[in-house]
Amino acid sequence: MIDPEVPEVTALVLAALLVLAIATLLGHAIRQRSHARRLAQPLADARKTVTQAVDGRATVEAAVTAARALPFDCRITVLADLAPTLRGLQRERLEGVAREAGVLAAAAGWAESRRWWRRLQAARLHTLLGGGEGAIEVLLRDPSWEVRAEAAQWGALHPTDAVVEQLLAMLADPRPLPRFAAKDALRRIGRPLISPLIDLLGRASGSEAAAALEVATAVATPAILPAAVRLSHDELAETRARSAVLLGVLGGEAAIGTLLALLHDPDPAPRAAAADALGRLGHWPAVAELTGRLRDQEWEVRRNAALALRSLGSPGLLLLRRALADDDRFAADVARQVLDLPDAAEEVVVP
Amino acid sequence: MTHGGELNAAIAKLWSRQRPEMLRRVDVVEDAVAALLEARVEPEQLTEAQRAAHKIAGSAGSFGFGQASDRAREIELALRTGVSLADAPRLSELVLGIRRDFGPETGDGDGDAQRKQSSAIFDTTAFTADVMIVGGERERAREIQAQLTRRGLRAARAKPGDDTALRSDAPIAVVDLIDPLAHRFMDAAERDADVIVVGLANDAGLDARVAFARRGGRTLLPGDLAPREIAEALVAIRERLTENGARVLVVDDDPALIELVKGALRGRGFDATSLGDPVHFWQTLEAVNPDLLVLDIEMPGYNGVELCQAVRADPRWAELPVLFLSVHSDPDWVRAAFAAGADDFLAKPVVEDELAQRIDNRLERVRLLRDLAGRDALTGVANRRKASEQLSRLEGLARRYGQPLTLAILDLDHFKQVNDSYGHETGDEVLRRLGRKLQDEFRGEDVVGRWGGEEFVVGMYGMPCEIGFDRLEALLVNWKHERFVDAMGGEFGTTFTAGVAELPSTADSLDELQRAADEALYRGKAAGRSRVVAAGERAAEDVETVDIAVVDDDTALVDLLTHSLSTQGWSVRVVDDGPTAVAVLASEPPLLRARVVLLDWDLPGLDGIAVLRRLRDRGVLRSSRVVMLTARGAESEVLRALELGASDHVTKPFSVPVLVQKLRQVVGGR
């Protein structure tokens, strides 16, 4: 026999739970709103005081006092909001406030946390607010790739020898994001990078060398030339192609000679890169060699050679025009395509 | 089309023909530059490229590609002084620039098609005839052709729709309108105002004539006219084309009045034609092509007012002065005459002087126009164009009637010195006086004209060479006594040299006659001037005499020059290398004698300067002037040529009209 009371009890229980949930949510919202209303004024005061202190119109102590009046997460919010827009003395002042307000100390502590996201937060805070020497360097070797990538960003702002070395080591990182972050950081480092980079290029090979060459292309100092020439013989085609790009930026007789040799590389990528580099260098005596590449088996090489010829002015255009009658229909085709480009079409009368 | 326009069109045609060759030369230069860029260039290749660049530099400018010429000259200079890889970019730029100057290329097939088309156009110029017989029955057309040939006219036959007929340059076309395809030719003729179209039609009434005239026809002859009569009419039309005096057509049924008018006009040097029956009015009008029309009002068939209306209805006769003579002097007739388009009205009986004066007034404008077009302003004799036309007419007469035609070419001796020593005004006075003297001495059927510069021509119809020679000698004796006063009051005299030749004994054509007379003139000059020389002796010798010898190996340039110089009426002979030039010009005796030698500097075998030296050593420069054609602008080289005896130098590329003008001066300043 069915108890007719049971469904009603169930319904009542469910209704009670629903009411409780709604009440909880409303209570939380009211509490949050009350909390926000209560914090609004201190947050505004703290922002104002910190801003004035950064600007030199209030003391660091006043800013610290105002910051300390806030809960810790609000303290971080106020300081982190300002950080990206500041440089130089203002940034140093902000770093002082952060230090005195205990934010940096807390971040340094988080750097040693067992939880990866805490370490990540530590790296971010130090990148934003400064400091972190000793604590963040360690994170460049962190087991978490997210933390390593964030630490690399910090490293760009603190390019000590050890940091640079570690960043260069990160060029061989197995994960792409840390590698990318390391390259980006190294590019931003500039002069302090040169010496260790040359050392690395002198000994590296393969993909590590390829990544280092990519960084070196951004630096482009003549001191890198010997290493670039050496790496033009690397076993990895990508490395040889990267060396061609770098040589195209460096220029000079040695670079030209190497590039002319690379036009005959067994792999298409170095040949294409060498053709492009010779065009960028404006080395018109290479027109005959480049014309030969119009018959290359690879489209990219033919295209780069044709574009290089176009960029080399009259000698290149003259030979391109002659290539229109080449027996190799691929050579004739690429010549036609490039000569049909608007700027070349004005220069050359094609049949 | 103006003369300049014709020349430009001719140059454009020549360019379309020469363009492939010019582009081939650019290819030669480009090959060398590419070889230089690819470090595989041979010295021979550079030499060949230099030669090609030289030719482009020399001729491109003359076709209107001045910038291409400049570029080619820069290439030539670079190649001559030696090039290295460092020069390759500039050379490449120049080659690409020349290609841009010459414009987009067409494929080989298109080029061939273009050349073929050009050739077809040029072929028509080779087709020359005086009369084109279009359509009609074959035997009849052949008979008309034979009749015309007997009368000294070149005649050709064609079908009405045939290209030959449409492209013919014959000034007269006789069209059988009975032919069903005649309208096709008439359509073409309607667009070509230069062709005089004579129609043959069964219906030759006034309506048919007006309709025919409106389609561009000039004369409508009855279709049943005998071939001999048709030929006579065509000869008359042909002669009208080349006649000198103003023509008056008098239409009146009163023979006495006709005689009166004729007498009045003859006394003033006009040619009067009379017509008694107005039924043949239109036919006569077309044949006579008068400069003034005198009409009687009352005539049998058509009255004068109706004829005048018909004349005015035809646009070609809208400007023809029409003068009425009539016994009807009442206002209605006078008003009707003027309403029909009369220019003047004179009542009979006519007072001879008044009539003559009125006609004279009406013809004054015609006379002025004729004088302007055909008279040399300085000397008063016919200009070269007019004299050539008259000589051509005399040639026709001489052939038709088996009469001799003697031609004399006179040239004032040392006239340049007269100008230099006594001034151009005095020089002009000498020319004026000689012109008057010639007009006094030679009248009637003789032609007296100024040939150019200080050169005159006299054509003596029906006169053997011996008599012409004697007349010239008598004139020379007389001329030697002529005294001229210079600006300082000093007196001086001049002489002339003349060459005399006769058609047909010493020449077969007018061109040959001129050449023979010219050559005799040269002999007279060479023999010491101030004499008259007959061409008879020279006829036995195998010496070709031309106005201009072009010594150049650049075929494009030679083609252009030959065309341009020939259109000026000069005979031209081309020699394309140095050794041949020496062989024909400086041999003893010479195989070729030229008044002017256009001598290129860079010639295969023997360069121009070496040829010039040989010409000087053999005394050729005493009778021939040498104009150096050179792409070299170096002062020292020009001076070297002038020191060796060159009269002038022209730097390539040159403007053809300017060169022609220079040649006129050189020929004239002999």
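The values are calculated or read from the model by the stated rules, or taken from the named source; none is laboratory data. The shown structure was predicted, so the numbers you read here are calculated from the model rather than taken from an experiment. All Cβ positions, even for glycine, are placed from backbone atoms using ideal geometry, and neighbour counts span all protein chains on display. Heavy atoms of the whole protein, side chains included, go into the accessibility calculation; ligands, DNA and RNA do not. Shrake-Rupley method; radii C 1.70, N 1.55, O 1.52, S 1.80 Å.
Looking at the structure I just gave you, is A:Ala101 open to solvent by less than 30 Å² (accessible area, probe 1.4 Å), closer than 23 Å to A:Arg47 by Cα and either touching a residue at least 24 places away in the same chain (Cβ under 8 Å) or not β-branched (Val, Ile, Thr) (or both)? It is true that A:Ala101 is open to solvent by less than 30 Å² (accessible area, probe 1.4 Å), closer than 23 Å to A:Arg47 by Cα and either touching a residue at least 24 places away in the same chain (Cβ under 8 Å) or not β-branched (Val, Ile, Thr) (or both). Just need a number here: residues in the stretch B:371-423 that are open to solvent by 70 Å² or more (accessible area, probe 1.4 Å) and modelled with pLDDT of 80 or more. Final tally of qualifying residues: 9. Anything in the stretch A:312-334 that is under 37 Å from the mean Cα position of the chain (by Cα) and buried (at least 18 other Cβ atoms within 10 Å of the Cβ)? List them, or say none. Hits for the stretch A:312-334 are A:Leu312, A:Gly316, A:Val334.
Taking (1) farther than 18 Å from B:Lys55 by Cα; (2) outside any helix (DSSP H, G or I); (3) at pLDDT 80 or above; (4) open to solvent by 10 Å² or more (accessible area, probe 1.4 Å) in turn, B:Ser566 satisfies each apart from (2).
Could you tell me how many of the residues in the stretch B:269-301 are assigned to a loop (DSSP other than H, G, I, E, B) and crowded, with 18+ Cβ neighbours inside 10 Å? Please lay out each step first, then the result.
Filtering the stretch B:269-301 for residues assigned to a loop (DSSP other than H, G, I, E, B) gives B:269-270, B:276-277, B:289-291, B:297-301.
Next, only the ones that are crowded, with 18+ Cβ neighbours inside 10 Å stay: B:270, B:289-291, B:297, B:299.
Of the residues in the stretch B:269-301, 6 are assigned to a loop (DSSP other than H, G, I, E, B) and crowded, with 18+ Cβ neighbours inside 10 Å.
Quick check on the stretch B:39-70: of everything there that is open to solvent by 60 Å² or more (accessible area, probe 1.4 Å) and not in a helix (DSSP H, G or I), which residue is nearest to the other protein chains (Cβ to nearest Cβ)? Looking at the filtered set, the residue picked out is B:Ala39. Counting only helices (runs of 4 or more DSSP H) that sit wholly inside the stretch A:167-226, those with at least 1 residues that are modelled with pLDDT under 90 and over 16 Å from the mean Cα position of the chain (by Cα) are A:191-203, A:206-219. Which of the residues that make up the stretch A:279-331 are within 14 Å of chain B (Cβ to nearest Cβ), part of a helix (DSSP H, G or I) and either among the charged types (D, E, K, R) or in contact with a His (Cβ under 8 Å, 6 or more places away or on another chain) (or both)? The answer is A:Glu289, A:Arg293, A:Arg310, A:Arg321, A:Arg322.
For (1) at pLDDT 85 or above; (2) surrounded by fewer than 19 Cβ atoms within 10 Å (Cβ to Cβ), each residue gets a yes or a no:
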| site | (1), (2) |
| --- | --- |
| B:Leu91 | yes, no |
| B:Pro104 | no, yes |
| B:Asp110 | no, yes |
| B:Ala113 | no, yes |
| B:Gln117 | no, yes |
| B:Asp130 | no, no |
| B:Gly135 | no, no |
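One residue stands out in the stretch B:72-107 among those that are over 45 Å from the mean Cα position of the chain (by Cα) and part of a loop (DSSP other than H, G, I, E, B): the one that is nearest to the other protein chains (Cβ to nearest Cβ), namely B:Ser84.
Is it the case that A:Ser232 is surrounded by fewer than 21 Cβ atoms within 10 Å (Cβ to Cβ) and farther than 30 Å from B:Leu91 by Cα? Lay out the reasoning, then the answer.
On the way: surrounded by fewer than 21 Cβ atoms within 10 Å (Cβ to Cβ): no; farther than 30 Å from B:Leu91 by Cα: yes.
Answer is no for this residue.
Candidates A:Ala36, A:Ala63, A:Ala40: the one that is surrounded by 14 or more Cβ atoms within 10 Å (Cβ to Cβ) and among the hydrophobic types (A, V, I, L, M, F, W, C) is A:Ala63. Set side by side, the residues A:Leu70, A:Leu89 differ, and just one is among the hydrophobic types (A, V, I, L, M, F, W, C) and under 27 Å from A:Ile189 (Cβ atoms), which is A:Leu89.
Looking at the stretch A:263-278, which of the residues that are of a type in the set (Gly, Ala, Ser) and buried (at least 23 other Cβ atoms within 10 Å of the Cβ) is nearest to the other protein chains (Cβ to nearest Cβ)?
Start the filter on the stretch A:263-278 by keeping residues that are of a type in the set (Gly, Ala, Ser), which leaves A:269, A:272-275, A:277.
With buried (at least 23 other Cβ atoms within 10 Å of the Cβ) added as a condition, the list becomes A:272-275, A:277.
Details: A:Ala272: 22, A:Ala273: 23, A:Ala274: 18, A:Ala275: 16, A:Ala277: 20 Å.
Going through the qualifying residues, I end up with A:Ala275.
Sort out which residues of the stretch B:599-620 are assigned to a helix (DSSP H, G or I) and either modelled with pLDDT of 85 or more or open to solvent by 40 Å² or more (accessible area, probe 1.4 Å) (or both), and write them in order of number. Steps first, answer last, please.
So the first thing to find is which residues in the stretch B:599-620 are assigned to a helix (DSSP H, G or I), and the list is B:608-617, B:620.
Correct list: B:Gly608, B:Ile609, B:Ala610, B:Val611, B:Leu612, B:Arg613, B:Arg614, B:Leu615, B:Arg616, B:Asp617.
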